[in-house]
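Computed from the coordinates by the stated procedures, all read-outs in this text should not be read as laboratory data. For clarity, every value in this text was computed on a predicted model and none was experimentally measured. Cβ coordinates were reconstructed from backbone atoms using ideal geometry, including for glycine residues, and neighbour counts include every protein chain displayed.
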Amino acid sequence: MASQWTRAQTRDIKITIDNEAPEIQFPVQLTAEDLWIWDTWPLLDEDGSVSVINGWKIIFALSTPKTVLPGKRHDIARIFYFYSRDGLNWIQGRQLFPEGHSLGSREWAGSAMHSNGQVYIFYTASGRKNETQLTFEQRIVMTAAFIRTTFNGVYFTDWKPHKVILEPDGILYQNQEQGLQPGNIPYTFRDPWFFRDKKDGNAYLLFEANTPGTAQQRKCEPVEARAFSGAVGLAVATNPNLTQWKFLPHIFNADCVNQELERPHFVFKDNLYYLFINTHVSKFAPGVTGPDGLYGFVSNSLTGNYTPLNLGGLVTANPISDAFQAYSWVVLQNGTIISFINFFHLSGLTEADIGSKPESFQFSHFGGTLAPALQININGNSTKLINRNLEDGLVIAGGYDEWRRKHALGIGD
Ligand code: FRU
């Protein structure tokens, strides 16, 4: 039986001094001049640490030109990559995939793994190529390429054909048809996150999903919450090239609690599995709530019994005074956290109100750039913010103090 985030546990979600991020101070250093960027993931080695390839660190981010209305960016998203020697000043690379290569009508979040000079990319193909009407079908796709570095930068060559590796089957994972039944709310099947389990040596993907079936078929209580079925899915690679994958049952769900457990990922520490997800206040079921934030759960086995960190699960929340300022937090193995600046200085409006405001307001209240990094300390069942205001867009491979020391000397970590 997969563990669950229960309605009772969510009563312990509280914003405290240990999880409330400070208000972002503007202006910030922009990751890209002409692009909005949001969901971001660094290139990681197989053990989950940030890759340093001949001195370069590489990040991948969902992107659109800044002329696109922020709320419309999901409809045309493309992955761009950026590289940096210091993990702070990012040089914009190209659109990751040559135009026409990727599947879907737009590219949604994923992950990137480096092994032996190759990069393996896992991403979400949303919709279908050339569709005239935007659809919300989501499929998980992989491709691979060789990484080339020069003194001046990073590029990729010899892309493998893009291959759909996972599509929800309606048995272990809710499929689009089940998600479209009356009473259901939009389904999710996205955000693959690669990891290799040290204990059994297998290559796995975590992904955002929903438990199978329809709201009517669900048994959890109360009845009015049954459309909420967020889950963290699991699949295992069945060949060494990572082109073939098999579903395993989900490892965690939030039936009757929350609809979207986004961008699931792990930190491995003290032989424990720390599972982190993102969600929005608007995705909680009737009668339970929590802020837009990063939530975490810990277990001593991969498929085992996950218990919420800090009792309710809340690890990092936006400040109460600016509740939508950041999103899509990712915790790196060293406890540093990256995220992007979302809608800020809304003066009490919610994210849902933004669409009805003038376009000029929407443009001027959206960050679309990497946020100041944060850092948590993880200890047993609890976490604590220990660095609240690290540099904007900082991605470090080692410890922060060491990075500072090297940065002062002008060398990368
Ligand atoms: C979270 C998210 C992801 C998805 C992306 C689409 O920020 O909803 O789950 O991949 O945005 O833009």
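Do any of LYS219/LYS246; LYS283/LYS357; LYS163/LYS269; LYS160/LYS198; LYS269/LYS406; LYS163/LYS198 go past 31 Å between their Cα atoms, and which?
Result: LYS163/LYS269 exceed 31 Å.
What FRET efficiency would be calculated for the residue pair ASP47, ASP12, taking the C-beta separation as r and a Förster radius of 56 Å, to the nearest 0.05?
Rounded to the nearest 0.05, the efficiency is 0.95.
What do the square roots of 5 times the Cα gyration tensor eigenvalues come to for the chain, in whole Å, largest first, as semi-axes of the equivalent ellipsoid?
29, 25, 23
What's the local net charge at GLY348, with K and R +1, D and E -1, over the other residues with C-beta under 14 Å away?
Local net charge: -2.
Amide H neighbours of PHE252 under 5 Å, at least 5 residues apart or on other chains, H built in the peptide plane: list them.
Those lying under 5 Å, H to H, from PHE252 are VAL232.
Search the structure for amide H atoms under 5 Å from the amide H of ALA326, placed 1.01 Å from N in the peptide plane, and list their residues when 5 or more places away or on another chain.
For ALA326, whose amide H was placed from the backbone, the distant partners under 5 Å are ASN342.
If Lys and Arg each add +1 and Asp and Glu each add -1, what is the summed charge of the other residues whose beta carbon sits under 9 Å from the beta carbon of THR279?
-2
If I stretch the segment between SER301 and PHE268 completely, what's the gain in nm (0.36 nm per residue apart, minus their alpha carbon distance), one decimal?
Extra length from SER301 to PHE268 when fully extended: 10.8 nm.
With a ≥ b ≥ c the root eigenvalues of the C-alpha gyration tensor of segment 172-322, is it rounded (a/c under 1.5), prolate (a/b larger than b/c) or oblate?
In terms of gyration-tensor shape, oblate.
Using θ = phi - 60° and the Karplus relation 6.51 cos²θ - 1.76 cosθ + 1.60, list the HN-Hα couplings for segment 246-253 in order, rounded to whole Hz, with x at every Gly or Pro.
The phi angles translate into 10, 5, 10, x, 4, 9, 7, 9 Hz.
What is segment 75-144 by shape, rounded, prolate or oblate, if you read a ≥ b ≥ c off the alpha carbon gyration tensor as root eigenvalues and call it rounded for a/c under 1.5, prolate for a/b larger than b/c, and oblate otherwise?
Prolate, since a/c reaches 1.5 and a/b exceeds b/c.
Rg (Å, one decimal) plus Dmax (Å, integer) for the alpha carbons of segment 84-123?
Answer for segment 84-123, Rg first and Dmax second: 12.5, 34 Å.
Could you pull out the GluC sites (Glu not before Pro) across segment 35-112 that fall in loop regions by DSSP (anything but H, G, I, E, B) with no more than 13 other Cβ atoms inside 10 Å?
Counting only loop positions with at most 13 other Cβ atoms within 10 Å, the GluC sites (Glu not before Pro) in segment 35-112 are GLU99.
For THR369, THR383, what's the fewest-to-most ordering of other Cβ within 10 Å of each Cβ?
THR369, THR383
Among 295-301, 55-61, how do they line up from the highest to the lowest mean number of other beta-carbon atoms within 10 Å?
Sorting 295-301, 55-61 by mean packing, highest first, produces 55-61, 295-301.
For ASP47, what is the net charge nearby, where nearby means another residue's Cβ is under 10 Å from its Cβ and Lys, Arg count +1, Asp, Glu -1?
Once all neighbours under 10 Å are counted, the net charge is 0.
With each run of n ≥ 4 DSSP H residues scored as -39500 (n - 2.57), what mean residue ellipticity at 222 nm is computed for the chain after dividing by its residue count and rounding to the nearest 500 deg cm²/dmol?
-1000 deg cm²/dmol
Determine by what factor the alpha-carbon radius of gyration of segment 277-337 differs from 2.2 N^0.38 Å, reporting the quotient.
1.20
To the nearest 20 debye, what charge dipole does the chain have about its Cα centre, counting +1 at the Cβ of each Lys and Arg and -1 at the Cβ of each Asp and Glu?
460
Among ILE121, ILE171, ILE140, which one moves the most in a GNM of the chain with springs linking Cα atoms closer than 10 Å?
Of the options given, ILE171 has the highest mean-square fluctuation.
How large are Rg and Dmax for segment 203-243 when calculated on the C-alpha trace, in angstrom?
Cα radius of gyration and Dmax of segment 203-243 are 14.7, 45 Å respectively.
Largest first and in whole Å, give the semi-axes of segment 335-413's equivalent ellipsoid, each being the square root of 5 times a Cα gyration tensor eigenvalue.
So the three semi-axes of segment 335-413 are 32, 18, 8 Å.
Would segment 134-220 count as rounded, prolate or oblate if I go by the C-alpha gyration tensor, calling it rounded below 1.5 in a/c and otherwise prolate when a/b exceeds b/c, oblate otherwise?
Prolate shape, in that a/c is at least 1.5 and a/b is the bigger ratio.
For segment 314-323, what does the Karplus curve 6.51 cos²θ - 1.76 cosθ + 1.60, with θ = phi - 60°, yield as ³J(HN,Hα) per residue in whole Hz, taken in order and with x for Gly and Pro?
Taking θ as phi minus 60°, the curve returns 6, 10, 9, 10, 5, x, 4, 6, 8, 6 Hz for segment 314-323.
Using the Karplus curve 6.51 cos²θ - 1.76 cosθ + 1.60 with θ = phi - 60°, what ³J(HN,Hα) values do you get for each residue of segment 204-218, in whole Hz, with x for Gly and Pro?
Result, rounded to whole Hz: 10, 10, 8, 7, 7, 8, 10, 5, x, x, 10, 4, 5, 7, 7.
For a quick check: with amide H placed at 1.01 Å from N, whose amide H comes under 5 Å from GLY170's, ignoring anything fewer than 5 positions away on the same chain?
So GLY170 has HN proximity to ASN175.
Multiply the residue separation of LYS163 and ILE76 by 0.36 nm, subtract the distance between their alpha-carbon atoms, and state the gained length in nm to one decimal.
Separation in residues times 0.36 nm, less the Cα-Cα distance, equals 29.3 nm.
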